[in-house]
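The values are calculated or read from the model by the stated rules, or taken from the named source; none is laboratory data. It should be emphasised that the depicted structure is a prediction, and the values quoted were computed from it without experimental measurement. Neighbour counts run over all protein chains shown; Cβ positions are idealised from the backbone, glycine included. Calculation scope for accessible area: heavy atoms of the full protein, side chains included, ligands and nucleic acids excluded. Shrake-Rupley method; radii C 1.70, N 1.55, O 1.52, S 1.80 Å.
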Amino acid sequence: MSSTTTDKPMDSDNVIVDDKYNIEAAEILANEAQHLPITEAAPLYEQLLTLFPTAAKYWKQYVEAHMAVNNDDATKQLFSRCLLNCLQIPLWRCYIRFIRKVNEKKGIEGQEETRKAFDFMLSYLGADIASGPVWMEYITFLKTLPAQNTQEESQRMTAVRKVYQKAIVTPTHHIEQLWKDYENFENSVSRQLAKGLLSEYQPKYNSARAVYRERKKYVDEIDWNMLAVPPSGSYKEELQWMVWKRLLAFEKGNPQRIDSASSNKRIIFTYEQCLMYLYHYPDIWYDYATWHAKTGSIDAAVKVFQRALKALPDSEMLRYAYAELEESRGAIQSAKKIYESLLGDGVNTTALAHIQFIRFLRRTEGVEAARKYFLDARKSPNCTYHVYVAYAMMAFCLDKDPKVAHNVFEAGLKRFMHEPVYILEYADFLTRLNDDRNIRALFERALSSLPPEESVEVWKRFTHFEQTYGDLASMLKVEQRRKEALSRTGEEGPSALEGSLQDVVSRYTFMDLWPCSSNDLDHLARQEWLAKNINKKMEKSALPNGPGSVDKVSTGLMSNSNVSAKVVYPDISKMVIYDPRQKSGMEILPSTTASSNLSNPIVSIVGGGTTNAFDEILKATPPALVAFLASLPAVEGPSPDVDIVLSICLQSDIPAGYTGKSGTSPAQLSGGPAPSLSDVSGSSKAHPILSGSSFKPTRDRQSGKRKDLDRQEDDETVTVQSQPLPRDVFRIRQIQKARGGTTSQTGSASYGSALSGDLSGSTG
């Protein structure tokens with residue numbers, strides 16, 4: 001489990017100071033306490049267990065330290081503090097060892113105490129998936145009890161049989177071994193009786209074994225060494241939360257189809273174990289309590305809530321849930337005490353606590369009690385406008401008394417005239433009364449006192465009110481006043497005083513009905529934005545992201561350097577489509593070309609640029625790829641997206657005409673210059689040449705094998721074109737590598753034709 005840890009070294013003096021739930025610090029403290037005498041270690045253990053009261057491993061370590069010095073009284077006290085809150089097998093087996101040690105010399109009385117200790121342990125942990133060794137130890141203990149006569153022998157056998165029969169129907173890791181032992185036990189007593197008992201318990205055992213296999217899948221995911229810390233949102237914590245929730249859901253489904261009492265006992269056990277690790281999770285406590293309430297165990301639910309509030313005393317959610325449970329079962333006084341605990345001493349009482357207590361008093365004690373408390377609460381320094389609104393609406397909706405509600409709102413207006421939200425709530429109340437005269441008066445009073453920057457929502461509501469209750473003249477008048485008031489805030493320029501078509505849209509819109517299309521709305525919103533930014537410097541403006549904004553990029557209002565917008569678009573106003581026929585004098589070395597092609601960062605890097613960001617990449621780049629990058633033409637515009645270009649090439653039907661021996665292209669036949677790629681077959685000796693016409697090597701150096709290879713390439717071209725074109729880039733690279741051995745003997749393969757599935761016979 002992850003937790004926040006401090007970087008500075010820790011010792012016993014500063015441990016668990018900066019972060020009291022620091023797991024690393026807790027482990028250091030526990031290890032230090034383990035090597036100290038118990039008198040010195042006890043304060044450290046108490047400090048640890050105050051922070052981690054459900055850490056069974058620390059309790060076990062603390063108890064064993066006392067047992068080592070035979071401090072039996074202190075050991076008993078520790079067990080009474082931890083056993084019922086830490087349902088863990090190792091800790092409880094330590095308890096059994098202590099009981100057997102204390103009672104080993106007490107004869108029959110001691111044996112009876114030990115037997116009770118086993119029964120006590122198995123009543124709580126008998127359903128644990130790891131309880132198999134405990135069942136076995138208990139059975140062994142019962143078998144060793146002395147029997148003075150036949151009656152005692154019969155009683156001992158009956159006790160052993162009962163324990164076996166409980167153990168073999170409990171899904172544990174040792175269930176198969178327990179079944180074999182039970183078979184041997186019954187056969188040793190009476191083969192005739194064993195046949196009937198084994199046939200009776202065989203189906204129950206099979207069911208328990210099947211449930212064990214399912215339960216084991218959930219249990220194996222649990223981190224049993226996890227310490228209970230407040231949720232921090234880490235992945236491991238959330239994973240453990242999900243694992244426990246799945247296990248709880250599994251147990252609630254009663255997969256073994258046992259009786260409800262036994263099923264509920266297992267669910268309770270699972271919740272108790274879950275709370276050992278998710279001790280600070282209020283939702284687990286709430287689920288546990290509500291599960292008890294749904295099964296009819298209200299008293300048990302109350303006890304769970306009480307434990308929850310001890311674990312999480314600052315959780316208001318759990319307090320309200322607890323008060324709700326008490327009120328629902330009629331325990332009004334208990335619920336009232338919970339609400340009073342939320343109110344505290346009155347100094348730090350929240351407005352929400354006042355409101356919920358007023359509502360509680362209205363439900364349980366009547367109107368007068370609620371009114372009396374409201375009169376006291378409004379004198380509190382922590383009383384906000386929320387209390388006035390809540391009480392006024394309660395008087396209006398529940399008591400059906402609009403006069404009292406109106407008086408409360410008026411009283412609050414004297415204190416909260418500066419709160420726009422309160423003004424709007426008061427206006428809503430008057431709207432329900434259909435009191436348009438007082439609504440106008442309220443808006444006028446509020447707008448005369450509110451600063452312009454805080455009156456935006458009030459003006460908006462006033463405008464909407466006039467659209468509903470007023471005539472055309474009053475509508476236009478309020479809208480003009482609103483513009484004049486808001487123009488002084490500085491957010492809107494002088495253009496805000498002018499009328500716009502958007503005002504018409506606002507006036508003639510009803511609910512989700514609009515007097516225009518969505519495209520018109522987008523256009524109006526864009527125009528409004530442009531109007532606000534019309535006087536700003538063009539190079540610092542950024543167009544809003546929305547429909548149609550891409551079409552307006554060429555206006556020059558956008559800059560690539562502006563990163564405040566959600567989507568940054570390049571300035572393509574001067575972009576021209578690359579055409580090699582427009583360039584002349586291209587017969588230069590690639591290093592010179594690259595140094596001048598500053599618009600292409602890749603080309604400039606290949607040409608000898610000093611950009612450090614790509615140094616490591618260039619070291620690992622094959623020479624052929626470097627030569628290819630150097631021969632790329634200059635593009636005055638944005639760099640294309642490689643994936644998009646590849647996808648378009650793959651999906652396009654590119655004709656393969658004029659490939660073969662002649663080495664000519666359609667552009668050459670038409671008389672225009674045609675670019676060709678340099679030799680990228682893998683040789684790094686020859687410099688690549690970028691030319692306006694094809695570069696043809698001397699054919700005298702080629703032997704008669706060239707013609708045979710040309711024919712072979714033509715055959716491969718036909719074969720490749722007849723196959724379906726692969727869409728996977730990785731597959732395309734494999735094809736290129738497969739063809740690389742052939743093309744390297746005769747010249748270069750055109751990258752464009754290779755992507756399209758065609759091998760060119762022309763050299764370059």
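Just a yes or no: is a residue in segment 624-636 open to solvent by 50 Å² or more (accessible area, probe 1.4 Å), more than 25 Å from Ile572 (Cβ to Cβ), modelled with pLDDT under 75 and not basic (Lys, Arg)?
For segment 624-636, residues open to solvent by 50 Å² or more (accessible area, probe 1.4 Å), more than 25 Å from Ile572 (Cβ to Cβ), modelled with pLDDT under 75 and not basic (Lys, Arg): absent.
What is the residue count in segment 113-144 for residues that are under 19 Å from Arg161 (Cβ atoms) and of a type in the set (Asp, Glu)?
2
Residue by residue, here is whether (1) modelled with pLDDT of 95 or more; (2) closer than 15 Å to Leu178 by Cβ holds:
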{"residue": "Ala117", "(1), (2)": "yes, no"}
{"residue": "Leu122", "(1), (2)": "yes, yes"}
{"residue": "Ile129", "(1), (2)": "yes, yes"}
{"residue": "Val134", "(1), (2)": "yes, yes"}
{"residue": "Tyr138", "(1), (2)": "yes, yes"}
{"residue": "Thr144", "(1), (2)": "no, no"}
{"residue": "Thr150", "(1), (2)": "no, no"}
{"residue": "Gln155", "(1), (2)": "no, no"}
{"residue": "Thr158", "(1), (2)": "no, no"}
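Could you list, in sequence order, the residues of segment 323-336 that are in a helix (DSSP H, G or I) and either at pLDDT below 95 or surrounded by fewer than 18 Cβ atoms within 10 Å (Cβ to Cβ) (or both)?
Residues satisfying the conditions are Glu324, Ser328, Ile332, Gln333, Ser334.
As an exercise: evaluate Ile648 against (1) modelled with pLDDT under 70; (2) out of contact with any helix residue (DSSP H, G or I) (no Cβ under 9 Å at 6 or more places or on another chain); (3) under 21 Å from Pro570 (Cβ atoms) and give the number of the one condition it does not meet.
Condition not satisfied by Ile648: (1).
Tally up the residues in segment 281-306 that are of a type in the set (A, V, I, L, M) and touching a residue at least 40 places away in the same chain (Cβ under 8 Å), please.
Here the count works out to 1.
How many residues does segment 508-534 contain that are open to solvent by 100 Å² or more (accessible area, probe 1.4 Å) and assigned to a loop (DSSP other than H, G, I, E, B)?
Within segment 508-534, the subset open to solvent by 100 Å² or more (accessible area, probe 1.4 Å) is 508, 510-514, 519, 532, 534.
With assigned to a loop (DSSP other than H, G, I, E, B) added as a condition, the list becomes 508, 511-512, 514, 534.
Qualifying residue count for the region: 5.
Whether any residue in segment 49-58 is in contact with a helix residue (DSSP H, G or I) (Cβ under 6 Å, 6 or more places away or on another chain), modelled with pLDDT of 95 or more and either open to solvent by 30 Å² or more (accessible area, probe 1.4 Å) or farther than 20 Å from Trp92 by Cα (or both) is what I want to check.
Checked segment 49-58: no residue is in contact with a helix residue (DSSP H, G or I) (Cβ under 6 Å, 6 or more places away or on another chain), modelled with pLDDT of 95 or more and either open to solvent by 30 Å² or more (accessible area, probe 1.4 Å) or farther than 20 Å from Trp92 by Cα (or both).
Quick one: which of Gly196, Gly233 is at positive phi and either in contact with a Ser or Thr (Cβ under 7 Å, 6 or more places away or on another chain) or exposed (fewer than 13 other Cβ atoms within 10 Å of the Cβ) (or both)?
Going through Gly196, Gly233 in turn, just one is at positive phi and either in contact with a Ser or Thr (Cβ under 7 Å, 6 or more places away or on another chain) or exposed (fewer than 13 other Cβ atoms within 10 Å of the Cβ) (or both): Gly233.
Quick check on my filter: what residues within segment 416-444 are of a type in the set (Ser, Thr, Tyr) and open to solvent by 50 Å² or more (accessible area, probe 1.4 Å)?
Selection gives Thr431 alone.
Yes or no: segment 213-220 includes at least one residue that is without any contact (Cβ under 8 Å) to a residue 24 or more places away in the chain, within 18 Å of Glu272 (Cα to Cα) and surrounded by 14 or more Cβ atoms within 10 Å (Cβ to Cβ).
No - not one qualifying residue is present in segment 213-220.
Specify the residue that is farthest from Ala351 (Cα to Cα); the eligible residues are those in segment 307-317 that are in a helix (DSSP H, G or I) and touching a residue at least 12 places away in the same chain (Cβ under 8 Å).
Arg307
From the list Tyr339, Tyr320, Tyr279, Tyr288, exactly one residue is modelled with pLDDT of 95 or more and part of a loop (DSSP other than H, G, I, E, B). Which is it?
Among Tyr339, Tyr320, Tyr279, Tyr288, only Tyr279 is modelled with pLDDT of 95 or more and part of a loop (DSSP other than H, G, I, E, B).
Looking only at segment 117-136, decide whether some residue is open to solvent by 40 Å² or more (accessible area, probe 1.4 Å), out of contact with any strand residue (DSSP E or B) (no Cβ under 8 Å at 6 or more places or on another chain), part of a loop (DSSP other than H, G, I, E, B) and of a type outside the set (A, V, I, L, M, F, W, C).
No, segment 117-136 contains no residue that is open to solvent by 40 Å² or more (accessible area, probe 1.4 Å), out of contact with any strand residue (DSSP E or B) (no Cβ under 8 Å at 6 or more places or on another chain), part of a loop (DSSP other than H, G, I, E, B) and of a type outside the set (A, V, I, L, M, F, W, C).
Do we have Gln356 as over 30 Å from Asn382 (Cβ atoms) and not basic (Lys, Arg) here?
No: the conditions fail for Gln356.
Select the helices (runs of 4 or more DSSP H) contained entirely in segment 22-100, then report the ones holding at least 3 residues which are within 39 Å of the chain's Cα centre (by Cα).
23-34, 38-51, 56-68
Please enumerate the residues belonging to segment 254-287 that are closer than 19 Å to Tyr212 by Cβ and open to solvent by 40 Å² or more (accessible area, probe 1.4 Å).
Passing the criteria: Pro255, Arg257, Ile258, Asp259, Ser262, Lys265.
Under 7 Å between Cβ atoms, which residue pairs at least 6 apart in sequence (or on different chains) link something in segment 390-414 that is at negative phi with a partner that is open to solvent by 40 Å² or more (accessible area, probe 1.4 Å) and of a type in the set (Asp, Glu)?
Ala395/Asp401
Closer than 30 Å to Leu78 by Cα, touching a residue at least 60 places away in the same chain (Cβ under 8 Å) and acidic (Asp, Glu): does that describe Asp128?
Numbers: closer than 30 Å to Leu78 by Cα: yes; touching a residue at least 60 places away in the same chain (Cβ under 8 Å): yes; acidic (Asp, Glu): yes.
Judged against the criteria, Asp128 is a match.
Restricting the search to segment 352-396, which residues are open to solvent by 80 Å² or more (accessible area, probe 1.4 Å) and either under 20 Å from Glu425 (Cβ atoms) or assigned to a helix (DSSP H, G or I) (or both)?
Kept after step one, since they are open to solvent by 80 Å² or more (accessible area, probe 1.4 Å), are these residues of segment 352-396: 352, 359, 363, 365, 368, 371-372, 376, 378-379, 381, 386.
Passing the criteria: Leu352, Arg359, Arg363, Glu368, Arg371, Lys372, Asp376, Arg378, His386.
Residue-by-condition table, conditions (1) open to solvent by less than 40 Å² (accessible area, probe 1.4 Å); (2) more than 30 Å from Arg507 (Cβ to Cβ); (3) not charged (D, E, K, R):
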site	(1), (2), (3)
Leu398	no, yes, yes
Ala405	yes, yes, yes
Lys414	no, yes, no
Glu457	no, no, no
Lys460	no, no, no
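Run Thr349 past the list (1) part of a helix (DSSP H, G or I); (2) buried (at least 16 other Cβ atoms within 10 Å of the Cβ) and report the number of the one that doesn't hold.
So Thr349 meets the others, but not (1).
For segment 163-186, does any single residue satisfy the condition of being of a type in the set (Ser, Thr, Tyr), touching a residue at least 40 places away in the same chain (Cβ under 8 Å) and within 18 Å of Ile258 (Cβ to Cβ)?
So far as segment 163-186 goes, yes, one or more of its residues are of a type in the set (Ser, Thr, Tyr), touching a residue at least 40 places away in the same chain (Cβ under 8 Å) and within 18 Å of Ile258 (Cβ to Cβ).
So Gly107 ticks every box in (1) more than 36 Å from the chain's Cα centre (by Cα); (2) closer than 28 Å to Glu221 by Cα; (3) without any contact (Cβ under 8 Å) to a residue 12 or more places away in the chain but one. Which box is left unticked?
(2)
Please find, among Gln61, Gln111, Gln148, Gln77, the residue that is over 30 Å from Arg209 (Cβ atoms) and in contact with a Leu (Cβ under 7 Å, 6 or more places away or on another chain).
On inspection, the qualifying residue turns out to be Gln111.
Checking Tyr182 against (1) of a type outside the set (A, V, I, L, M); (2) in a helix (DSSP H, G or I); (3) closer than 26 Å to Pro255 by Cα; (4) open to solvent by 60 Å² or more (accessible area, probe 1.4 Å), only one condition comes out false. Which one?
Tyr182 satisfies every listed condition except (4).
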